[in-house]
Ligand SMILES: [Zn+2]
């Protein structure tokens, strides 16, 4: 039994000052004011800091500058120490099918041994995305026709651990709806996202009608085909904004490079507090920034061409940057960094402080400086 005392508790709709959370057998068994602390309980004194649900990073290629697929144990541990009690290691569409299968295998083996307790499943950027909108675009192993015999072994290897498949709708419904059907068969709770795409809005709408619910790093790596150079055509961004049911992932870096702070505020206004998902998109490409002001951008990742390729953020950094750029409250920031990603990906056992939910918690100040992390009711940092 773990008792977290003197907590400023973060619930989805309010704060509860000077509260207690009791955790037993990996779940939250009680919380609130006037909760009696059993004599034999281990005590964690939050000293008036915020205690919110553990952060959930559904889109991340690495942590601590280590790829999840090179060293899942060290990278998962690093993410955990920075507040991510659930991570979805993310595959990228520069990999061949064989490489994807090998990478999935590395992570699943570590998981079977119980070495990566914050592993929640896989997010896959690909295989069917638009090669014109991605880093590392010189390799395009999935360009051309969508072939069942090519993708099926990857779907089968990931099995129920596949949580999100991102795709580019312009590849066409005829080609990709069968892929979605097969993906659902292999992983019934899987979600679909639109990303690395230059689809027109109507094409995205068609996929939303077929169950697409997430926008991969909203506003990044998407383009649109303009019918006339003077005019703006509606594309992925507009479709995501118009369809209320779609969750928008946001990469909030310190200087607002991935998403301009004005656009963060605009997206928050349009999508509302329940449809934003903070992600790190952390990556460890070894390229150098070609921009002159690169010294400023310590939290960004660049590919060998010097092109922007994800971030070096932690989830705690992402929360702090979102809070600063948008003016959102701590309550709303925890919605975007825990409750919403859990809901979006059907992780119904976590992402909220409630009796019976997984005892994954973080203790932090008003700028998301972490002082403790709790996973399955155990203090891990
Ligand atoms: Zn991406």
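The values are calculated or read from the model by the stated rules, or taken from the named source; none is laboratory data. Bear in mind that the values here come from a model prediction, so they are computed numbers and not experimental data. All Cβ positions, glycine included, derive from the backbone under ideal geometry; neighbour counts span all protein chains shown.
Observations
- For segment 63-83, the count of residues that are part of a strand (DSSP E or B), within 13 Å of the ligand (Cβ to nearest atom) and within 19 Å of the chain's Cα centre (by Cα) is zero.
- Considered as a group, the residues in segment 184-206 that are surrounded by 24 or more Cβ atoms within 10 Å (Cβ to Cβ) and away from the ligand (no atom under 16 Å from the Cβ) include one that is farthest from residue 123 (Cα to Cα), and that residue is 204.
- Residue check for residue 37: in contact with a strand residue (DSSP E or B) (Cβ under 6 Å, 6 or more places away or on another chain) and surrounded by fewer than 19 Cβ atoms within 10 Å (Cβ to Cβ): yes
- One residue from 31, 68 being at pLDDT 95 or above and over 20 Å from residue 164 (Cβ atoms): 31
- Strands (runs of 3 or more DSSP E) lying entirely in segment 1-53 (those with 1 or more residues that are at negative phi and without any contact (Cβ under 8 Å) to a residue 24 or more places away in the chain): 15-24
- Top-ranked residue of segment 104-142 - restricted to ones that are within 14 Å of the ligand (Cβ to nearest atom) and at pLDDT below 90, ranked as nearest to the chain's Cα centre (by Cα): 126
- Of the residues making up segment 213-233, those that are away from the ligand (no atom under 16 Å from the Cβ) and within 18 Å of residue 276 (Cα to Cα) number 1.
- Residues of segment 103-122 satisfying the condition of being in contact with a helix residue (DSSP H, G or I) (Cβ under 9 Å, 6 or more places away or on another chain) and part of a helix (DSSP H, G or I): 104, 105, 106, 107, 108, 109, 110, 111
- Checked against the criterion of being within 14 Å of the chain's Cα centre (by Cα), surrounded by 23 or more Cβ atoms within 10 Å (Cβ to Cβ) and not in a strand (DSSP E or B), segment 348-360 contains one or more residues that satisfy it.
- Residue satisfying all of: in segment 28-62; within 30 Å of residue 124 (Cβ to Cβ) and away from the ligand (no atom under 16 Å from the Cβ); farthest from the chain's Cα centre (by Cα) among these: 52
- The number of residues in segment 171-183 that are over 24 Å from residue 342 (Cβ atoms) and surrounded by 18 or more Cβ atoms within 10 Å (Cβ to Cβ) comes to 3.
- For segment 305-314, the set of residues classified as away from the ligand (no atom under 16 Å from the Cβ) and farther than 13 Å from residue 369 by Cβ consists of 306 only.
Results for (1) in contact with a strand residue (DSSP E or B) (Cβ under 6 Å, 6 or more places away or on another chain); (2) closer than 26 Å to residue 358 by Cβ; (3) surrounded by fewer than 18 Cβ atoms within 10 Å (Cβ to Cβ), shown as yes or no for each residue.
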position: 82; (1), (2), (3): no, yes, no
position: 85; (1), (2), (3): yes, yes, no
position: 90; (1), (2), (3): yes, yes, no
position: 98; (1), (2), (3): no, no, yes
position: 101; (1), (2), (3): no, no, yes
position: 104; (1), (2), (3): no, yes, no
position: 116; (1), (2), (3): no, yes, no
position: 121; (1), (2), (3): yes, yes, no
position: 125; (1), (2), (3): yes, no, no
